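Note sheet for the following structure.
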Amino acid sequence: MLWKRPGFLLRRLHQIHIAIFLEECGDEVTPVQYSVLQALSSAGAADQSSLSRTVSLDRTNVADVLWRLEERGFVKRVSFANDRRMVLTEITPPGRALLKRVSAASDRAHARTIAALSARDRASFLRTLQHLIDAANGSHA
């Protein structure tokens, strides 16, 4: 019965993808850390709430990921002198180097996750996933 349930199948595919990602990227970065670094690389800097929305994680998890990345020197937090509550996080040069170093490995992991599908089915699968996510998020794009 489980093998006919979308939630179970999605969770299982996620587990498989995590294993593939770690095979490809080693222990340098987790998929979530990679996503956060990628988002910061694109944004330049972001506050925790914006970053939370961008990578679809709750603020508590984002705070934990940022703490771990900061401990390793991959991001830095910057407070504003006129408003100490406003904190932005930026990717550091070592963080950019990490992204560059594992980018091809991350791409391979994503490709391997859906490699069993034909090129046409991969495109359809990704469109279907995006449609389901958009519908669940209320955008119906």
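Just name the residue that is farthest from Glu28 (Cα to Cα) out of those in the stretch 67-88 that are among the aliphatic types (A, V, I, L, M) and modelled with pLDDT of 95 or more. Only one residue tops the list, namely Val75. Close contacts from the stretch 49-62, counting a first residue that is surrounded by fewer than 17 Cβ atoms within 10 Å (Cβ to Cβ) and assigned to a helix (DSSP H, G or I) and a second that is at pLDDT 90 or above and of a type in the set (A, V, I, L, M, F, W, C), with Cβ to Cβ under 8 Å and a gap of 6+ residues or different chains, come to Ser50/Ala43; Asn61/Val32.
Contact annotation: residue pairs with Cβ atoms under 8 Å, 6 or more positions apart or on different chains, pairing a residue in the stretch 109-130 that is surrounded by 11 or more Cβ atoms within 10 Å (Cβ to Cβ) with a partner that is of a type in the set (Asp, Glu), are Ala109/Glu23; Ala109/Glu24; Arg112/Glu24.
Ala97 satisfies every condition listed in (1) assigned to a helix (DSSP H, G or I); (2) surrounded by fewer than 11 Cβ atoms within 10 Å (Cβ to Cβ) except (2).
For the stretch 10-30, check the following and say yes or no: at least one residue is at pLDDT 95 or above, within 12 Å of Ile91 (Cα to Cα) and surrounded by 14 or more Cβ atoms within 10 Å (Cβ to Cβ). For the stretch 10-30, residues at pLDDT 95 or above, within 12 Å of Ile91 (Cα to Cα) and surrounded by 14 or more Cβ atoms within 10 Å (Cβ to Cβ): absent.
Which of the residues belonging to the stretch 1-28 are aliphatic (A, V, I, L, M) and either out of contact with any Lys or Arg (no Cβ under 9 Å at 6 or more places or on another chain) or closer than 21 Å to Gln130 by Cα (or both)? Within the stretch 1-28, Met1, Leu9, Leu10, Leu13, Ile16, Ile18, Ala19, Leu22 qualify.
The values are calculated or read from the model by the stated rules, or taken from the named source; none is laboratory data. These numbers were taken from a predicted model, which means no experiment stands behind them. Here Cβ is always computed from backbone atoms with ideal geometry, including for glycine, and neighbour counts include all displayed protein chains.
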